[in-house]
1. What are the pairs with Cβ atoms under 8 angstrom where one residue, in region A:93-112, is at the interface with chain B (Cβ under 7 Å from one of its Cβ atoms) and β-branched (V, I, T) and the other, located anywhere, is open to solvent by less than 90 Å² (accessible area, probe 1.4 Å) and not in a loop (DSSP other than H, G, I, E, B)? Sequence gap at least six, or different chains.
2. Identify the residue in region A:18-48 that is touching a residue at least 12 places away in the same chain (Cβ under 8 Å) and within 8 Å of DNA strand D (Cβ to nearest atom) and, among all such residues, is nearest to the other protein chains (Cβ to nearest Cβ).
3. Can you pull out the residues in region B:1-15 that are part of a helix (DSSP H, G or I) and surrounded by fewer than 15 Cβ atoms within 10 Å (Cβ to Cβ)?
4. Inside region B:21-50, can you point out the residues that are in a loop (DSSP other than H, G, I, E, B), within 12 Å of DNA strand C (Cβ to nearest atom) and under 20 Å from the mean Cα position of the chain (by Cα)?
5. Which ranges mark the helices (runs of 4 or more DSSP H) fully within region B:51-129 that have 1 or more residues being of a type in the set (A, V, I, L, M), at pLDDT 95 or above and over 22 Å from A:L87 (Cβ atoms)?
6. From the list A:A79, A:A7, A:A73, exactly one residue is within 12 Å of DNA strand D (Cβ to nearest atom) and not charged (D, E, K, R). Which is it?
7. So B:R18 ticks every box in (1) touching a helix residue (DSSP H, G or I) at 6+ places or on another chain (Cβ under 6 Å); (2) within 13 Å of DNA strand C (Cβ to nearest atom); (3) open to solvent by 40 Å² or more (accessible area, probe 1.4 Å) but one. Which box is left unticked?
Protein chains: 2
Amino acid sequence: MNISQAAQRAGLSSKALRYYETINLLQPARGPNGYREYSRDDVETLQFIQRARACGFAVEEVRQLLALHRDPARQSHDAKQLVEEKLQQIEQQLQTLKIMKKTLRGLADSCAGDDSPECAILSQLANRV
Amino acid sequence: MNISQAAQRAGLSSKALRYYETINLLQPARGPNGYREYSRDDVETLQFIQRARACGFAVEEVRQLLALHRDPARQSHDAKQLVEEKLQQIEQQLQTLKIMKKTLRGLADSCAGDDSPECAILSQLANRV
DNA sequence: CTTGACCTTCCCCTTGCAGTAACCTTGAGG
DNA sequence: CCTCAAGGTTACTGCAAGGGGAAGGTCAAG
């Protein structure tokens, strides 16, 4: 099948599929007209990629996951470790965002938000928050 | 004062300060030797920038905040709106991360993590999660 | 035959700097 | 006076993960 259909089935963009090809993540076959031809297997791989990306894995990490997926001698320990590491990163980002949110909430609540130039947000940013 | 001292006082890198200059966010004076000379006012501005960045504002948004900060005819309403919008973005990111976390937690918990090739993580990524 | 919807490659743009190279300046010490 | 390390300067490249758009080939339908 052609690129846009494959992209749609995998929940990705055509641009992304072309990109994955340039970085050697997935090489579809080519028809006589030069068009990319994605097999059903390719689409499954693309779905794998899409799901892993949606879980927060970077493309290079997806490459590792795919390698494990294809390796019959893999150890589930390895995949689990990747997931646990990603979990820690996500947790870290959550903490950062929560602090930002708290700070922003405090700023917003301290500001009248009227037409006066007096603004607690700007003065707190100008001094210590 | 020279760039690295200014950077240190603001909690930023020298590279960042040079970058802010190239994008016309903050133009320090220059000494006869060509060195950048940061005034105390400059450092305060840099601290403003650093705090706003730490709250999640993009550099272009910081530029707007700075413009408001310098505008005596500003309305606190405008600053508050920027903060509220940022809050919504942060909230959105938090939701996304929370879903990722849940999904990853589920994947990790379903996997034995031993030396067997049987791996629930990989099979769930390969089929629907 | 033509039209419009696909497809192709190629190149620039994004964010916020970090890294590196090649080259000045400055202050301290022998 | 000379040197050397620790600063400073510009300029260029690179990162992640594609998006946008140009210029041109292909395909199916009317």
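The values are calculated or read from the model by the stated rules, or taken from the named source; none is laboratory data. This structure is a prediction, so every number in the text was calculated from the model and none was measured. Cβ atoms come from the backbone with ideal geometry, glycine included; neighbour counts cover every protein chain shown. These accessible areas exclude ligands, DNA and RNA; they are computed on the full protein's heavy atoms, side chains included. Shrake-Rupley method; radii C 1.70, N 1.55, O 1.52, S 1.80 Å.
1. A:T103/B:A54
2. Selected residue: A:Y20.
3. Those that are part of a helix (DSSP H, G or I) and surrounded by fewer than 15 Cβ atoms within 10 Å (Cβ to Cβ): B:S4, B:Q5, B:Q8, B:K15.
4. Within region B:21-50, B:I23, B:L25, B:L26 meet the criteria.
5. Of the helices (runs of 4 or more DSSP H) lying wholly inside region B:51-129, those with at least 1 residues that are of a type in the set (A, V, I, L, M), at pLDDT 95 or above and over 22 Å from A:L87 (Cβ atoms) span B:59-70, B:76-109.
6. Checking each option against the conditions leaves just A:A7.
7. With respect to (1) touching a helix residue (DSSP H, G or I) at 6+ places or on another chain (Cβ under 6 Å); (2) within 13 Å of DNA strand C (Cβ to nearest atom); (3) open to solvent by 40 Å² or more (accessible area, probe 1.4 Å), B:R18 is out only on (1).
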